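One structure is given below, encoded as structure tokens.
The values are calculated or read from the model by the stated rules, or taken from the named source; none is laboratory data. Nothing here was measured: the structure is a model prediction, and the numbers come from that model. Cβ coordinates were reconstructed from backbone atoms using ideal geometry, including for glycine residues, and neighbour counts include every protein chain displayed. Quick note on the areas: whole protein, heavy atoms, side chains included, nothing else; ligands and nucleic acids left out. Shrake-Rupley method; radii C 1.70, N 1.55, O 1.52, S 1.80 Å.
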Amino acid sequence: HIINYRTHIAWEKEVIKISNGGVDLVIDVAGGNSLAQSIDALGFNGRVAIIGFLNGSLSSINLIPLIRKDASLLAYTTGSREDLEGFVRWLNINPIQPIISGTYTDFNQAFQSFEKRQTPGKIVVTWD
């Protein structure tokens, strides 16, 4: 499922509805005010992985939902701009060719292939 946060302002409620109670993992690239929504979208024993701060690095959240769900809040770094520029320079000298297991236009088929562990490499999903 794809939920557009611009058309579904309360996207966490849509996640709960679609998943019948909440998801195991939310990858939060926005941070800021959306962190509370990410926590609300979790099921019991879920995790929020914070990897970005597009909405800002400051957030005020109620910790009670996190505790009641026995959930975890994890933060990851992706490196600095200098790290990325160095990696891009390295890629220009040492191009890599990832293994592509399949290309799909249907997300459900792609996920089923992934779920059955029929993918020795990456899966590509395309759409218009």
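State the extension gain, in nm to one decimal, for the chain segment bounded by Asp70 and Asn33, taking 0.36 nm per residue of separation less the distance between their alpha-carbons.
Answer, rounded to one decimal: 11.2 nm.
Expected output is a single nm value to one decimal: the length gained when fully extending between Ile2 and Phe111, i.e. 0.36 nm times separation in residues minus the C-alpha distance. What is it? Kindly include the intermediate steps, with their values, before the conclusion.
Values: separation 109, 0.36 × 109 = 39.24 nm, distance 1.32 nm.
Here the segment from Ile2 to Phe111 would lengthen by 37.9 nm.
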Q: Just order 45-55, 75-85, 5-15, 22-32 by mean Cβ neighbour count inside 10 Å, highest at the front, would you?
A: 22-32, 45-55, 5-15, 75-85
**Q.** Normalised contact order of the chain, rounded percent, pairs of Cα under 8 Å and 6 or more residues apart
**A.** 17
Q: Find the accessible area per residue for the chain; the probe is 1.4 Å, ligands and nucleic acids are left out, and the unit is Å².
A: 78
Q | Accessible surface of the chain, 1.4 Å probe, proportion on carbon and sulfur as whole % | A | 56
